[in-house]
Amino acid sequence: MLNQFVTPDLLPAAPEIFILVMACLIIFADLVVGQVQRWIMSALTVIALAGSALITYTTMDGQTVLTFSNMFVDDLLSDFLKLVVDLTVLAVVIYSRSYLVARNLDKGEYYLLVLFATLGMMVMISASHFLTLYLGLELLSLSLYALVAIDRDSARATEAAMKYFVLGALASGLLLYGMSMVYGATGTLEIGAIAQAIFHGDANKTILVFGLVFIVAGLAFKLGVVPFHMWVPDVYHGAPTAITLFIASAPKLAAFAMALRLLVYGLFELAEQWQLMLMILAVLSIAVGNLAAIAQTNIKRMLAYSGISHMGFMLLALMSGVVGGQVDPFGTLNAYSSALYYAVAYVLMSLGSFGMVLLLSRAGHEAEMLDDFKGLNKRSPWFAAMMLIMMFSMAGIPFFIGFFAKFAVLLAAIKAGDTVMMLCTTTLMRSL
């Protein structure tokens with residue numbers, strides 16, 4: 001006898017459904033509006049993002065709800081991240097309008113790809129199953145590849161898109177292979193069930209660790225950390241500035257959510273293994289990102305290497321949640337909340353920094369070289385002050401948001417270090 005089909009609860013996925021419906025509406029609208037009424041596409045996109053944010057906010061109740069056969073989760077974390085993603089993409093679309101019009105890139109496919117990328121991010125954020133996670137990841141990735149190459153007359157953009165596509169396909173393959181090994185070891189693709197199987201010792205530890213290596217490698221690419229950072233400066237530099245603004249902001253939140261769902265929610269019992277990997281990635285990213293940024297003359301490449309360093313700080317907070325296989329409830333919560341705060345702070349800083357580059361660009365000129373900012377205070381003191389605030393915040397100068405984000409991460413890391421010292425001292429005293 002066949003199992004009876006159970007209608008899933010659609011309310012937790014209401015923001016995603018609204019975005020999808022609006023994307024379909026934009027497809028039809030693009031067929032009927034002319035070049036003069038192109039503003040309608042932008043208006044529909046703004047309505048879609050604002051409506052999704054409003055739905056997310058009004059349905060936010062702090063309860064955890066699983067739907068679609070436990071493949072989709074709606075909790076406080078997902079609601080908060082979706083709200084920030086919607087507002088971030090909304091700012092990107094509003095920022096980018098004049099830039100795109102001046103370069104004849106204000107096309108229906110831009111707004112369509114932006115909405116599909118946003119939908120992919122939202123699916124990733126609410127994924128509680130490997131299939132859902134991978135579906136959202138590929139929807140986001142394929143949209144980004146197309147967005148980078150949206151300027152078909154630019155050889156630089158086409159080259160950047162090809163590099164991004166080839167390396168992205170490789171990283172997706174690594175991630176998928178790691179997921180398949182975890183499935184082979186646990187017999188399930190559901191993130192919660194994987195955590196239970198590992199906790200009860202029902203999984204093959206050797207296969208799990210091998211799968212974990214591939215998963216961390218895939219995550220490292222999506223976050224753009226060393227040594228999987230090769231695509232970041234080339235894509236940031238090659239893509240139109242409006243697209244760089246989009247890539248450098250909201251997708252980082254989706255990548256953070258993916259790391260949290262996979263490592264903390266699913267593979268928490270393997271924390272001692274993935275902590276060491278994250279520590280190496282974090283230290284290398286902070287060192288290489290900062291040193292490479294010094295030598296750059298192109299501000300987009302400089303901000304790209306700076307972003308690599310910032311993602312290293314975020315990984316530093318993620319790895320501070322568990323020490324020696326033991327959990328301190330306050331310390332763990334503080335570490336993961338610091339990582340979340342850092343991710344949101346970086347998105348705001350990146351939005352402001354690339355937004356300034358975007359606003360200073362004009363038709364036929366890209367303000368992307370450091371020399372283009374010489375004398376900015378004489379030309380526009382207001383823009384110069386805003387850029388100064390963004391750069392100080394990126395550098396972590398007191399008392400800007402970047403300082404408080406770095407301070408929170410370093411406090412979490414120091415607390416984890418103190419706990420390690422205490423555990424080592426206790427072990428030594430017992431041995432004596």
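Laid out as a table, the results:
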{"quantity": "With at most 14 neighbouring Cβ atoms within 10 Å, loop chymotrypsin sites (Phe, Trp or Tyr not before Pro) (DSSP) excluded, longest segment of the chain", "calculated": "6-398"}
{"quantity": "Share of carbon and sulfur in the accessible heavy-atom surface of the stretch 13-92 [1.4 Å probe, %]", "calculated": "74"}
{"quantity": "Accessible surface, per residue, of the stretch 370-418 when the full set of protein chains is kept, probe 1.4 Å, Å²", "calculated": "61"}
{"quantity": "In the stretch 126-178, trypsin sites (Lys or Arg not before Pro) in a DSSP loop with at most 13 other beta-carbon atoms within 10 Å", "calculated": "Arg152"}
{"quantity": "Relative contact order [Cα under 8 Å, 6+ residues apart], the chain, whole percent", "calculated": "13"}
{"quantity": "Cα lying deepest toward the dipole's positive end in the stretch 79-228, options Leu208, Leu112, Leu167, charges on Cβ", "calculated": "Leu167"}
{"quantity": "With every protein chain in place, the stretch 255-398: carbon and sulfur % of accessible area (1.4 Å)", "calculated": "69"}
{"quantity": "Candidates Asp75, Asp106, Asp153: whichever shows maximal mean-square fluctuation once the chain is modelled as a Gaussian network with Cα springs under 10 Å", "calculated": "Asp153"}
{"quantity": "Computed magnitude of the charge dipole of the stretch 106-215 (debye, nearest 20; Cβ of K, R +1, Cβ of D, E -1)", "calculated": "200"}
{"quantity": "Label-point separation, Ile94 to Asn204 (7 Å along Cα→Cβ), nm", "calculated": "5.4"}
{"quantity": "Surface accessible to a 1.4 Å probe, Glu190 within the full protein complex, Å²", "calculated": "50"}
{"quantity": "The chain: DSSP helices with Cα axial extent of at least 20 Å and average Kyte-Doolittle hydropathy no lower than 1.0", "calculated": "14-32, 39-58, 76-102, 108-125, 130-148, 205-223, 271-294, 299-318, 329-360, 381-395, 401-431"}
{"quantity": "Area accessible to solvent at Arg38, 1.4 Å probe radius, in Å²", "calculated": "30"}
{"quantity": "Cα-Cα over 25 Å, subset of Lys222/Lys415; Lys252/Lys406; Lys82/Lys163; Lys205/Lys406", "calculated": "Lys222/Lys415; Lys82/Lys163; Lys205/Lys406"}
{"quantity": "Inter-label distance, nm, simple model (7 Å from Cα along the C-beta direction), Leu76/Val283", "calculated": "3.5"}
{"quantity": "Student exercise, the chain dipole from Lys, Arg, Asp, Glu Cβ charges, in Debye to nearest 20", "calculated": "1060"}
{"quantity": "Farthest positive-ward along the chain dipole, Cα basis, beta-carbon charges - from Val73, His310, Met394", "calculated": "Met394"}
{"quantity": "Å² of accessible area per residue within the stretch 45-199, as computed with a 1.4 Å probe and no ligands counted", "calculated": "40"}
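The values are calculated or read from the model by the stated rules, or taken from the named source; none is laboratory data. Not measured: the values here are computed from a predicted model. All Cβ positions, glycine included, derive from the backbone under ideal geometry; neighbour counts span all protein chains shown. Note: areas computed on protein heavy atoms with side chains; ligands, DNA, RNA excluded. Shrake-Rupley method; radii C 1.70, N 1.55, O 1.52, S 1.80 Å.
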